[in-house]
Amino acid sequence: MVSQRGKAVMRSLCLLAFGCLAGLMLYTYDLKFKTRKLETQAQALVAELQDESDFLALARADATYLSRPERIEEMARRELKLEPIAPAQLVPWKAILASGDSSWQPQTAPAPRKDGIAALIEKAVAPAAAQALR
């Protein structure tokens, strides 16, 4: 038979094992909730990254749309009232490369019509020049 002292040791070991088991259960339970919280945060971050990615794709598409050459050309003609380049305004490469060559003379283009920007500049400069003369 088992002595009293043996029973006490066995009981202590059982209580110790039960305490360890209860501690492990609590630790596992806590770990489970921390894991779920981290998973929720990870899902929120993934959703936020997806939103940012969608926003960047939209911004790229918008920039691509706004920088189309056809659109810019049409807007430049409408807003700036620019005229196409005349052939007389072009300089041959030979004239640029041979800087000492005096045989080439630039051709003067016919008097250009005033464009919208020139008119704005003249309007801005005229009052300032009039004040300077006073």
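Here's the yes/no breakdown for (1) within 37 Å of the chain's Cα centre (by Cα); (2) at pLDDT 75 or above:
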| position | (1), (2) |
| --- | --- |
| L82 | yes, no |
| K94 | no, yes |
| S99 | no, no |
| T108 | no, no |
| P112 | no, no |
| A118 | yes, no |
| E122 | no, yes |
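Pairing each residue of the stretch 47-68 that is surrounded by 10 or more Cβ atoms within 10 Å (Cβ to Cβ) with any residue that is in a helix (DSSP H, G or I) and modelled with pLDDT under 95, provided the two are 6+ apart or on different chains, yields C-beta distances under 9 Å for L66/I72.
Can you find a residue that is within 30 Å of I117 (Cα to Cα) and either part of a helix (DSSP H, G or I) or not β-branched (V, I, T) (or both) anywhere in the stretch 15-37?
No, the stretch 15-37 contains no residue that is within 30 Å of I117 (Cα to Cα) and either part of a helix (DSSP H, G or I) or not β-branched (V, I, T) (or both).
Counting only residues that are free of Cβ contacts under 8 Å to residues at least 12 places away in the same chain and of a type in the set (D, E), the stretch 80-89 holds 0 of them.
The values are calculated or read from the model by the stated rules, or taken from the named source; none is laboratory data. Predicted model only: the values in this text are computed from it and were never measured. Cβ: placed from backbone, ideal geometry, glycine included. Neighbour counts: every protein chain shown.
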